[in-house]
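J.: Please see the structure below; I have some questions.
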Amino acid sequence: MSEKKKFYITTAIAYTSRKPHIGNAYDIVLADMIARYKRQQGFDVFFMTGSDEHGQKIEEYAAKAGKTPKEYVDGVSQEIKNVWNSLNTSYDKFIRTTDKDHEKAVQHIFEKLYNQGDIYKGAYEGKYCVPCESFFTASQLVDGKCPDCGGDVIDAKEEAYFLKLSKYQDALVKYYEENPDFFKPEARKNEMINNFIKPGLSDLCVSRSSFKWGIPVTFDKDHVIYVWIDALSNYITGLGYDTEGRASEKYKKYWPADLHVIGKDIVRFHTIYWPIILLALGEPLPKQVLGHPWVLVGEDKMSKSKGNVIYADELAGMFGADAVRYYLLSEMPFTQDGTITYESFIGKYNTDLANTLGNLVNRTIAMTGKYFGGTVDACGRADKIDEELKAFAENSVKEYSENMETYHNSDAVSAIMSLAKRSNKYIDETTPWLLAKNEEDMDRLKAVLYNLLECIRILGVSLNPIMPECSQKIRELLGTDEQSYRFGAEKAYTVGEAKPLFARIDTEKVLAEIAAKGDKSAIEAKNTVSLNEITIDDFAKVELRAAKVVACEPIPKAKKLLKLTLDDGTGTLRTVASGIAKFYTPDDLIGKTVIVVANLKPATLCGVESNGMILAADSDDQIKVVFLDGVEPGSKIR
C-alpha cells in the first residue's frame, strides 16, 4: 500500500490581546474546510493553528487587567481555543508562543542567524505604531498614519538587532519567479513586488529593548526577540525544527508547508520576512500562501471601539456551528472583502439552509418513508429527465471540485448548492405525490426518489468540509457511508425518520432579541454598505417601468409582505410581493403609480411568485415607496 501524500496547512496564529471576532475566525474556518477536503482526497493532513502571545501590547493589556502577562495570555489563549472549538474545527495542534519548546527553538534560531552574520546590532529611529508593534519610515506612512492599521504613530528610537533582508532580496525574487503559484490570489504578488521589493528592502528590526514581555535574547539580556522571528517561526517549531540538524521526524515529514492561510493584511510578513528567515536558515520555503480578504460589518472592519463586533462562538451558540461556517465560506469572495450582518446571516440561513437544502432532504426522506416504507433501490423506471438530473449532478461536482482545489470557497459552495436547487426543481417536474396515486406509476416513483436520494448523498459528501455536522446527519438519514461523488454509486437506500436539518428562523423575533442585547449596530450596518461603481452599460441592464397598482392585499402568515397587482403597460398584469406591510396599507397603494424593476428574475415569497420589485427608500427606520403619479403605466425610467 503506497504512503499517503502529505499536506501541511497552517493558519496565522491569533494574537492574544482580546477574544477573536468573526473576522478573525474566517482564518480557521477556511483552513479547516481545506484540511477536511484534503483528508477526503486521501492526503495525510497536518493542520496547525495557535496563539501569538508576546509583545508590548500584551504587556500593556495585562497591566490594565491587573495580571501578569502570562496570566493574561493564558486566559485569552483559552478563549481562542474555545472559539475555534465552537466552530467544529479539526486542527491537529494548537501551538502557543509561550510553549517552552517553542521559546527554546526561537532562541536557537536567533543565535544561528546572529552567529552567521545575518543579524547585527544597531539602533532604530522612526515612526512606531504600538498596536502593530512596527516601525515605519516617514515615506511608508499613509496620510501620516500607520499603513497597516491606520492608527497614530509616535517618534521612537531604541537599540535593536536587525535581520539583513537586503542580502536575500534577489534569492526571494528568484523564488517568486520559479514558483508562480506561491501567491494566492496572484494580485498579492504585485503588491509585494511593487510596494516593498522594488523600492529596496530595509533591514528588519528583530529585537526590542523597551519592554520585557518576550523571549530573551540569550547573549544580550536587555533584548527580547521581536514578533517576526518569534511568531513566524511557529510554523517550524511546532513540528520540532532544530537548528543543529536534529529535527523531529514530524518536521522531516511535513515541512515545507503546503499552505499558509492568512489574512491579506499580513501577506508581507509571510511572503517577504518569513521566506527570508527560512533562506537564511537554509530551510525549504513554503509552497503557497493564501492571503484571504476580510469579513466586514457593512463597510467597516470590526472593532470594539466602533461597537460593531460579532463573535463567532456566540453566533454558533444561537444558530449552530454549521450555519456560521456556511455563511463565511459561501459569502467570502476569493479576492474581495465579504460582509456580515445579523440580518444577512439569518436571510441566508433561511433561504439556503432551511428552504433549499433542509426542505429537499426532509421532503425526500418523508416521501421515501410514506410511499415505500423507507426503502428504495435503483431498479425503478427511468425517464429522459433523469439523465438531465444526473448530468447536472456530475457537472456540479466537477465545478465544486475545481473550485475546492484552487480554494475558491464561495464558488465551490455555489456550485454544489446549485444541485440542491436543481433537485427541488426536479421534484416539481416529476410530481411524486401524483405518481403515488397510480399503482402503475410506482416504478417511476421509485426511480424519482432514488435519484433524489443519490443527489442528497452527493450533497452530503460534498458539504462535509463545509458543514461537517450536516454532512453526518445526511449520512445517518440515508443510512450510508458511501463517499463517492459518482451518481449511482449507492444502489439502494433504507432511510431513517424525516427530521428537519435546519429549522426556519423567525427573523423579526430574533433580530429584536439581538437588538435587546445591545448588538443593534451590527444589525444596522446593512444600511452602510458601499457598492462598487458600475458603468452606464451595467445600469442599462436594469429595466425600470412605471406601473399602476390596480389591486393590493396582505399575504397570509407574512407580516411584512403585501401582494401588489400592477399594470405595467404591457397588457398583462404583473404580481409583485413587497416587504412594506409595516408602512403601507392596501388602500394607501391602490391607484398609485410606482417604479417596478421589470426584468428581475422571479422569486417565490411565502407562496406568491413575485415578478419584479418596486423601488423604495430606507429613511430613518421608514420605508418610503417612490411614487410617480401622473405618469402613464409602461413609461420607461432612465
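J.: Collect the residues in the range 327-360 that are assigned to a helix (DSSP H, G or I) and among the aliphatic types (A, V, I, L, M), keeping them in residue-number order.
T.: Leu328, Leu329, Ile346, Leu353, Ala354, Leu357, Leu360
J.: Another question about this same structure. Applying the selection to the range 418-434, what residues are hydrophobic (A, V, I, L, M, F, W, C) and surrounded by fewer than 20 Cβ atoms within 10 Å (Cβ to Cβ)?
T.: Ile427, Trp433, Leu434
J.: Output yes when any residue across the range 56-67 is within 17 Å of the chain's Cα centre (by Cα) and without any contact (Cβ under 8 Å) to a residue 60 or more places away in the chain, and no when none is.
T.: First, the residues of the range 56-67 that are within 17 Å of the chain's Cα centre (by Cα): none.
Looking for residues that are within 17 Å of the chain's Cα centre (by Cα) and without any contact (Cβ under 8 Å) to a residue 60 or more places away in the chain, one finds none in the range 56-67, hence no.
J.: Kindly state which helices (runs of 4 or more DSSP H) lie completely within the range 431-498 and contain at least 1 residues that are more than 25 Å from the chain's Cα centre (by Cα), small (Gly, Ala, Ser) and not assigned by TED's automatic domain parsing to the domain that holds Tyr37.
T.: Counting at least 1 such residues, we get 442-463.
J.: Now for a separate question. Of the numbered conditions (1) assigned to a helix (DSSP H, G or I); (2) surrounded by 21 or more Cβ atoms within 10 Å (Cβ to Cβ); (3) not basic (Lys, Arg), Tyr176 fails exactly one; give the number of that condition.
T.: Looking at each condition in turn, Tyr176 falls short on (2).
J.: May I ask you to list the residues in the range 8-65 that are part of a helix (DSSP H, G or I), of a type in the set (Ser, Thr, Tyr) and touching a Lys or Arg at 6+ places or on another chain (Cβ under 9 Å)?
T.: Listed by number, the list holds a single entry, Tyr61.
J.: Among the residues in the range 361-368, are any surrounded by 19 or more Cβ atoms within 10 Å (Cβ to Cβ) and not in a helix (DSSP H, G or I)?
T.: No; the residues of the range 361-368 include none that is surrounded by 19 or more Cβ atoms within 10 Å (Cβ to Cβ) and not in a helix (DSSP H, G or I).
J.: Looking at Leu290, Leu296, can you tell me which residue is in contact with a helix residue (DSSP H, G or I) (Cβ under 9 Å, 6 or more places away or on another chain), modelled with pLDDT of 95 or more and under 26 Å from Lys264 (Cβ atoms)?
T.: Step by step, each of Leu290, Leu296 is checked, and only Leu290 is in contact with a helix residue (DSSP H, G or I) (Cβ under 9 Å, 6 or more places away or on another chain), modelled with pLDDT of 95 or more and under 26 Å from Lys264 (Cβ atoms).
J.: Still on this model: Tell me which residues, restricted to the range 383-417, are of a type in the set (A, V, I, L, M) and either surrounded by fewer than 16 Cβ atoms within 10 Å (Cβ to Cβ) or at pLDDT below 95 (or both).
T.: Of the range 383-417, the ones of a type in the set (A, V, I, L, M) are 385, 389, 391, 393, 397, 404, 412-413, 415-417.
Scanning the range 383-417 gives Ile385, Ala391.
Let's see how each residue does on (1) in contact with a helix residue (DSSP H, G or I) (Cβ under 8 Å, 6 or more places away or on another chain); (2) farther than 19 Å from Asn24 by Cβ; (3) assigned by TED's automatic domain parsing to the domain that holds Ile277; (4) among the basic types (Lys, Arg):
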{"residue": "Tyr72", "(1), (2), (3), (4)": "yes, no, yes, no"}
{"residue": "Ser86", "(1), (2), (3), (4)": "yes, no, yes, no"}
{"residue": "Ile95", "(1), (2), (3), (4)": "yes, no, yes, no"}
{"residue": "Lys104", "(1), (2), (3), (4)": "no, yes, yes, yes"}
{"residue": "Ala123", "(1), (2), (3), (4)": "no, yes, yes, no"}
{"residue": "Leu141", "(1), (2), (3), (4)": "no, yes, yes, no"}
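J.: Right, next: Any idea which residue in the range 562-606 is modelled with the lowest pLDDT, counting only those that are closer than 16 Å to Ala617 by Cα and assigned to a loop (DSSP other than H, G, I, E, B)?
T.: So the residue we want is Lys582.
J.: Just the residues that are in contact with a strand residue (DSSP E or B) (Cβ under 9 Å, 6 or more places away or on another chain), closer than 19 Å to Asp148 by Cα and aromatic (Phe, Trp, Tyr), please, taken from the range 183-240.
T.: Result: Tyr226, Trp228.
J.: Quick check: is even one residue across the range 234-243 within 15 Å of Thr49 (Cβ to Cβ), in contact with a Leu (Cβ under 7 Å, 6 or more places away or on another chain) and buried (at least 18 other Cβ atoms within 10 Å of the Cβ)?
T.: no
J.: Only residues that are closer than 27 Å to Gln56 by Cα and at pLDDT 95 or above: list them for the range 164-205, please.
T.: Lys164, Leu165
J.: Do you know which of the residues in the range 608-638 that are exposed (fewer than 11 other Cβ atoms within 10 Å of the Cβ) and of a type in the set (Gly, Ala, Ser) is modelled with the lowest pLDDT?
T.: So the residue we want is Ser619.
J.: Kindly provide the set of residues from the range 221-235 that are within 13 Å of Phe162 (Cβ to Cβ) and over 36 Å from the mean Cα position of the chain (by Cα), ordered by number. Before you say what the answer is, go through the steps one by one.
T.: Here is the first cut: in the range 221-235, the residues within 13 Å of Phe162 (Cβ to Cβ) are 223, 225-226, 228-229.
Correct list: His223 only.
J.: Right, Thr341: crowded, with 22+ Cβ neighbours inside 10 Å, under 14 Å from the mean Cα position of the chain (by Cα) and of a type in the set (Val, Ile, Thr) or not?
T.: On the way: crowded, with 22+ Cβ neighbours inside 10 Å: yes; under 14 Å from the mean Cα position of the chain (by Cα): yes; of a type in the set (Val, Ile, Thr): yes.
Judged against the criteria, Thr341 is a match.
J.: What is the number of the single condition among (1) in contact with a strand residue (DSSP E or B) (Cβ under 7 Å, 6 or more places away or on another chain); (2) surrounded by fewer than 23 Cβ atoms within 10 Å (Cβ to Cβ); (3) modelled with pLDDT under 90 that Pro333 does not meet?
T.: The failed condition is (1).
J.: Return the pair list, or none, for Cβ contacts closer than 8 Å from residues in the range 36-47 that are surrounded by fewer than 17 Cβ atoms within 10 Å (Cβ to Cβ) to residues that are of a type in the set (A, V, I, L, M), at least 6 apart or on different chains.
T.: Gln40/Val461
J.: Continuing with this model, one more query. Using the structure shown, decide if Lys520 is surrounded by 17 or more Cβ atoms within 10 Å (Cβ to Cβ) and at pLDDT below 75.
T.: no
J.: Also, quick follow-up: Which residues, taken from the range 79-106, are in a helix (DSSP H, G or I) and either closer than 11 Å to Thr237 by Cα or among the hydrophobic types (A, V, I, L, M, F, W, C) (or both)? So that I can check it myself, show each step before the final result.
T.: Just the residues of the range 79-106 that are in a helix (DSSP H, G or I), to begin with: 79-86, 100-106.
Correct list: Ile80, Val83, Trp84, Lys100, Asp101, His102, Glu103, Lys104, Ala105, Val106.
The values are calculated or read from the model by the stated rules, or taken from the named source; none is laboratory data. Fair warning: this is a prediction, and the values are worked out from it, not measured in the lab. In this analysis, Cβ positions are derived from the backbone assuming ideal geometry, glycine residues included, and neighbour counts consider all displayed protein chains.
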